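Quick notes on the structure that follows.
The values are calculated or read from the model by the stated rules, or taken from the named source; none is laboratory data. Just so you know, these numbers come straight off a predicted model, no measurement behind them. Every residue, glycine among them, receives a Cβ derived from its backbone with ideal geometry; neighbour counts consider all protein chains shown.
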Amino acid sequence: MKLMTLILTIAISATLIIGCSKKEPAPEPASNDIDKTAAAEPMPVPAPTPTPAPKTATKKQLGQKAAALEGLTYVKGQPVTLTEGKVYVVEFWATWCPPCRVSIPHLTEIQKQFKDKGVTVIGISDENVNTVKPFVEKMGDKMDYIVAVDTKGTVSAGYMATYNRENTIPFACIVDAKGNVAWFGHPMDGMDEVLAQVVAGTYDAAAHAKAKAEAQAAERRLYELFHQYFAAVGSGAAIDQTRPIAEKFIDAGHPEALDAMAWQILMQADKANSDKPIALKAAEKANTLTSGENPMVLDTYALALFENARIAEAVAAQEKAVALTAGNKELQADLKTRLEKFKAALNTPETSQAGQ
């Protein structure tokens, strides 16, 4: 089944990755995704709300000696002692935290990718062994790195408290070859790039912070434009009033944002002020930026072509999308349903007369 991430997540997730509060276990949340096939009503556009800035570490804190990994009980792998000349990813997580579970396969991939370069990944939970051990055993090779528990909270205090992250997981720190903390944050928020630079000895913390701030500003601007556009559409503004906003969004947009805008417009295709041509322009750019190899983007592009009466092209794009989803039968079935719709329209008298 095809899913589309909420634009709020698309616009902000690259810089403000979701985590869990450690104050109490969170219940299993519903998916943040929208079912693209079932979305009969337009996606509600939330009013933008200020996002509180997280507490940040001081310059003095970054680059200081990493806390020793003492007092841990190891559930998987051998005990770890921080050793100069080697690099470590020290991550804090919990079995009850959904974002933590999402990051586990990613950390496994990180360990595989950097194992031969002297990198060790260790995941630390503050739960008891009887809770963590069966979870780790069940995960098997999907959680293929060292795992330990810190029931006394000593190690957690040395990292999470130091960087004002006592109540947020997952939380990771990169310890460089000198034994200093070079970076901290969500393990899926750009950690891979930083880790590669730390291993190569080329990491510049100041330059990284500047680039991240610039990316944050760009993402927030995209979200503002998205909200402004659909608020105008929702109020009944004419296309000649909404299109300039959309054009700005398209000029600045990345594939995920462009795909989201196009799909949202297409979900309102029956409205008098639904700008189908601008949806096609956004979808076409998203498809170009992904080299025509992303089936989700192709699916949106195909629908945009269809809604703009370019049905033969829609069929071709959807056929490619279907072919690219061979490993996901459920998603492929969803895309095939739309493909059959496009093919049926291709053979209607109206289409034939239009030269399609």
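Residue under question is Val90, and the condition is that it be in contact with a helix residue (DSSP H, G or I) (Cβ under 7 Å, 6 or more places away or on another chain), under 19 Å from Val194 (Cβ atoms), in a strand (DSSP E or B) and hydrophobic (A, V, I, L, M, F, W, C); does it hold? Before the answer, list the steps.
Numbers: in contact with a helix residue (DSSP H, G or I) (Cβ under 7 Å, 6 or more places away or on another chain): yes; under 19 Å from Val194 (Cβ atoms): yes; in a strand (DSSP E or B): yes; hydrophobic (A, V, I, L, M, F, W, C): yes.
Considered against the rule, which asks whether it is in contact with a helix residue (DSSP H, G or I) (Cβ under 7 Å, 6 or more places away or on another chain), under 19 Å from Val194 (Cβ atoms), in a strand (DSSP E or B) and hydrophobic (A, V, I, L, M, F, W, C), Val90 comes out as yes.
Would you check if there is a residue in the range 318-335 being over 22 Å from Ser274 (Cβ atoms), β-branched (Val, Ile, Thr) and surrounded by 14 or more Cβ atoms within 10 Å (Cβ to Cβ)? Step through it out loud before you land on a result.
First, pick out the residues of the range 318-335 that are over 22 Å from Ser274 (Cβ atoms): 319-335.
Then keep just the ones that are β-branched (Val, Ile, Thr); that gives 322, 325.
Subsequent filtering for residues that are surrounded by 14 or more Cβ atoms within 10 Å (Cβ to Cβ) retains 322, 325.
Yes - at least one qualifying residue is present in the range 318-335.
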Any chance the range 171-181 includes a residue that's surrounded by 14 or more Cβ atoms within 10 Å (Cβ to Cβ) and without any contact (Cβ under 8 Å) to a residue 40 or more places away in the chain? no
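Of the residues Val75, Val102, Val90, Val129, only one is under 26 Å from the mean Cα position of the chain (by Cα) and modelled with pLDDT of 95 or more; which?
On the way: Val75 fails: under 26 Å from the mean Cα position of the chain (by Cα); Val102 fails: modelled with pLDDT of 95 or more; Val129 fails: under 26 Å from the mean Cα position of the chain (by Cα).
Result of the check over Val75, Val102, Val90, Val129: Val90.
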Given (1) surrounded by fewer than 18 Cβ atoms within 10 Å (Cβ to Cβ); (2) in the same structural domain as Asn294 (by TED's automatic domain parsing); (3) farther than 19 Å from Thr300 by Cα, index of the condition Ile245 fails: (1)
Which one of these does Ala161 not meet: (1) closer than 24 Å to Tyr74 by Cα; (2) small (Gly, Ala, Ser); (3) crowded, with 21+ Cβ neighbours inside 10 Å? (3)
Scanning for something surrounded by 13 or more Cβ atoms within 10 Å (Cβ to Cβ), in contact with a Cys (Cβ under 9 Å, 6 or more places away or on another chain), within 19 Å of Phe171 (Cα to Cα) and aromatic (Phe, Trp, Tyr), does the range 68-90 turn up at least one residue? yes
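Residues in the range 290-298: is at least one touching a helix residue (DSSP H, G or I) at 6+ places or on another chain (Cβ under 9 Å), surrounded by fewer than 18 Cβ atoms within 10 Å (Cβ to Cβ) and more than 21 Å from Ala232 (Cα to Cα)? Even if it seems obvious, please write down each step before you answer.
Start the filter on the range 290-298 by keeping residues that are touching a helix residue (DSSP H, G or I) at 6+ places or on another chain (Cβ under 9 Å), which leaves 290, 292-298.
Still in the running and surrounded by fewer than 18 Cβ atoms within 10 Å (Cβ to Cβ): 292-293.
Now restrict to residues that are more than 21 Å from Ala232 (Cα to Cα): 292-293.
The answer is yes, given that some residue of the range 290-298 is touching a helix residue (DSSP H, G or I) at 6+ places or on another chain (Cβ under 9 Å), surrounded by fewer than 18 Cβ atoms within 10 Å (Cβ to Cβ) and more than 21 Å from Ala232 (Cα to Cα).
I'd like to check which helices (runs of 4 or more DSSP H) are fully inside the range 245-356 and have at least 1 residues that are of a type in the set (Asp, Glu) and farther than 30 Å from Tyr223 by Cα. Please lay out each step first, then the result.
Working: elements: 255-266, 276-289, 295-307, 311-324, 329-346, 349-353.
Per the criteria, 311-324, 329-346, 349-353.
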Scan the range 120-149 for residues that are more than 14 Å from Thr95 (Cβ to Cβ) and touching a residue at least 60 places away in the same chain (Cβ under 8 Å) and report the count. 2
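On the basis of being in contact with a helix residue (DSSP H, G or I) (Cβ under 7 Å, 6 or more places away or on another chain) and surrounded by fewer than 19 Cβ atoms within 10 Å (Cβ to Cβ), does Asn273 make the cut? Write out each step before concluding.
Values: in contact with a helix residue (DSSP H, G or I) (Cβ under 7 Å, 6 or more places away or on another chain): yes; surrounded by fewer than 19 Cβ atoms within 10 Å (Cβ to Cβ): yes.
The answer is yes for Asn273.
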Among the listed residues Ala172, Ala196, identify the single one that is at pLDDT 95 or above, assigned to a helix (DSSP H, G or I) and within 16 Å of His106 (Cβ to Cβ). Ala196
Identity of the residue in the range 199-223, part of a helix (DSSP H, G or I) and farther than 30 Å from Pro244 by Cβ, that ends up farthest from the chain's Cα centre (by Cα): Ala200
Odd one out for Ala279, checked against (1) free of Cβ contacts under 8 Å to residues at least 24 places away in the same chain; (2) touching a Leu at 6+ places or on another chain (Cβ under 6 Å): (1)
When restricted to Thr242, Thr288, Thr300, the only residue of a type in the set (Val, Ile, Thr), touching a Lys or Arg at 6+ places or on another chain (Cβ under 9 Å) and modelled with pLDDT of 95 or more is Thr300
